[in-house]
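The values are calculated or read from the model by the stated rules, or taken from the named source; none is laboratory data. Computed from a predicted model, the values in this text were never measured in an experiment. In this analysis, Cβ positions are derived from the backbone assuming ideal geometry, glycine residues included, and neighbour counts consider all displayed protein chains.
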Amino acid sequence: MSGWAERAAAAILPLSVARNLAAALKEWSYSGRFFDLEQAHGTCELCGQQDLRYHFEIDNRQTSASLLVGSECIKRFEIAGLDERGRRLDAAATGKLVDRHRRGLVEDARKQRVMTALLTLGQKDPSFDAANFMDFVDDRGSFTPKQVAMIFWRLGTAGIEYRPTDWKVRMRRDSDLGQLRTMTPAAYRRFTAALTAAQRKRIAEIEERFASYGQSWRG
């Protein structure tokens, strides 16, 4: 038995009816409840892995016991999830369910960091309409390139820490791309820190296309 399996057996067997790990794991299911600890200080109660930020609850209906575990343990030990009717899901469906819940937690945490940065900026600089931008996050979810460049400048000026990759940039419209062409070099550098790999690739392709005609895309 591997080390992680030994740790799992030590944790789960006292809380199960069955006396071997394989049988005991079949008694347990993923409850569908999950939690953001806000900091990576959690521990998986099944395998002992530390520094977890997100906890997922599994429970045993026969013993009424429950454990808070990491998402990977649910998939590794093939602990079944439950559908909306309480029926057990297979390993593949459970894995997709856990991944979807984890993505939701990650997205909620990202959005909260953005909201906190906007609120803090509004508190430090009353001229900044934080409420309007916070509503913008709720209603649209992404900012225009000029909005991102401006917000990053104001956050930096106010000495407020932020993660550039938390900020979603809208680049679907011609007008969005048009904003890039008129940005100052400093604003452009700030803005590009928020781009996804796909967005960076798109800009590179546009620049290459203009260069092939001997033209500069930006001024």
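Going by what's in this entry, would Gly32 be described as within 23 Å of the chain's Cα centre (by Cα), of a type outside the set (Ser, Thr, Tyr) and at pLDDT below 95?
So Gly32 passes the test.
Which residues, counting only those in region 194-217, are under 27 Å from Val114 (Cβ atoms) and either of a type in the set (Lys, Arg) or under 23 Å from the mean Cα position of the chain (by Cα) (or both)?
Correct list: Ala194, Leu195, Thr196, Ala197, Ala198, Gln199, Arg200, Lys201, Arg202.
Within region 173-187, is even one residue outside any helix (DSSP H, G or I) and within 19 Å of the chain's Cα centre (by Cα)?
We begin by selecting, within region 173-187, every residue outside any helix (DSSP H, G or I); these are 173, 182-184.
Keeping just the survivors that are within 19 Å of the chain's Cα centre (by Cα) gives none.
So far as region 173-187 goes, no, none of its residues is outside any helix (DSSP H, G or I) and within 19 Å of the chain's Cα centre (by Cα).
Only one of (1) loosely packed, with under 14 Cβ neighbours inside 10 Å; (2) part of a loop (DSSP other than H, G, I, E, B) is not met by Gln123, so which one is it?
Checking Gln123 against (1) loosely packed, with under 14 Cβ neighbours inside 10 Å; (2) part of a loop (DSSP other than H, G, I, E, B), the one that fails is (2).
All but one of (1) assigned to a loop (DSSP other than H, G, I, E, B); (2) closer than 16 Å to Arg218 by Cβ; (3) touching a residue at least 40 places away in the same chain (Cβ under 8 Å) hold for Ala149, so report the exception by its number.
(1)
State all residues of region 126-146 that are assigned to a loop (DSSP other than H, G, I, E, B) and surrounded by 16 or more Cβ atoms within 10 Å (Cβ to Cβ); if no residue qualifies, say none. Give the steps one after another, and end with the answer.
Kept after step one, since they are assigned to a loop (DSSP other than H, G, I, E, B), are these residues of region 126-146: 126-129, 140-142, 144.
The answer is Phe128, Ser142, Thr144.
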